[in-house]
Amino acid sequence: MKTIISPSMLSCDFANIQRDVEMINASSADWFHIDVMDGVFVPNISFGFPVLSAMKKHATKPMDVHIMIENPDAYIQDFKNAGADILTVHFEACRHLHRTIQAIKAVGMKAGVALNPHTPVSLLSDVIADLDLVLIMSVNPGFGGQKFIDHAVEKVKQTKELIASTGSNAIIEVDGGVNLETGKRLVDAGANALVAGSFVFNAKNPTQTIQDLKNL
């Protein structure tokens with residue numbers, strides 16, 4: 001199957017969000033990747049529910065929402081109401097991860113879990129069968145445009161092995177520092193989905209850049 005491309009709206013032009021949403025609608029991208037940060041779990045603040053809801057009105061593709069917030073359980077229904085199709089929480093932010101995953105699925109969203117660069121893949125062994133998506137962070141979360149962490153390639157391989165050994169149907173997504181070179185390495189290692197922000201939105205031709213990633 002072709003690689004799923006999920007352009008990160010954190011890198012779009014905030015003054016022209018509708019224009020950039022429509023560009024992605026018309027491109028070969030598969031999802032919209034939307035990072036929600038609270039300034040507590042990560043040192044940055046980004047989109048809230050009103051912006052998410054506004055994007056949903058124009059988006060024709062699934063909304064892949066990655067939440068970097070404390071106490072995600074308190075907002076699961078709110079994210080569903082705002083239009084999230086996939087909700088990815090951080091392993092490091094969840095005290096009762098299995099319960100959080102079940103709560104996400106109970107309201108009709110797909111459930112993902114993200115791992116920070118320092119968090120080993122093996123910690124997902126008890127929940128991998130329940131997941132729709134594993135998000136490997138290839139930068140430290142909080143800001144766009146960071147340098148790719150090479151160890152992410154090995155973590156993708158480890159995740160692929162864990163999925164195969166457990167019979168899980170989870171797909172592997174990678175976020176951070178993705179370009180044609182790092183993207184190729186990640187896809188070769190077993191990644192199914194790539195998040196690309198600044199590489200797409202800073203390109204001269206974002207639509208072609210998305211297609212180039214899709215063809216990896």
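Computed from the coordinates by the stated procedures, all read-outs in this text should not be read as laboratory data. Quantities reported herein were computed from a predicted structural model and do not represent experimental measurements. Every residue, glycine among them, receives a Cβ derived from its backbone with ideal geometry; neighbour counts consider all protein chains shown.
Using θ = phi - 60° in the Karplus curve 6.51 cos²θ - 1.76 cosθ + 1.60, the 3J(HN,Hα) couplings for segment 123-135 round to 5, 8, 4, 8, 10, 4, 5, 8, 8, 8, 7, 10, 9 Hz; x is entered for Gly and Pro.
Among the lysines of the chain, pairs that are 8 or more positions apart or on different chains and have alpha carbons within less than 14 Å of each other number 8. Think of segment 111-216 as having a plus end and a minus end, set by charges on the Cβ of Lys, Arg, Asp and Glu; of I163, L186, L115, L186 sits farthest toward the positive end of this dipole.
Just from its helices, what would the mean residue ellipticity at 222 nm be for the chain, if runs of 4 or more DSSP H residues each count -39500 (n - 2.57) and the sum is divided by every residue, rounded to the nearest 500 deg cm²/dmol? Please report the intermediate quantities before stating the final value.
Working: 8 runs with 76 residues, N = 216.
Estimated from H runs of four or more residues: -10000 deg cm²/dmol.
When each of the peptides 11-21, 77-87 is scored by the mean number of other C-beta atoms lying within 10 Å of its residues, the order from highest to lowest reads 77-87, 11-21.
So how do V174, V121, V89 line up by other beta-carbon neighbours within 10 Å, fewest first?
Details: V174 32, V121 22, V89 27.
The most exposed by this proxy come first: V121, V89, V174.
Counting only DSSP beta bridges with both residues in the chain, the antiparallel share comes to about 5 percent.
At a threshold of 8 angstrom on Cα-Cα distance, excluding pairs fewer than six apart, so keeping six or more, what relative contact order does the chain reach in percent?
Contact order relative to length: 23 percent.
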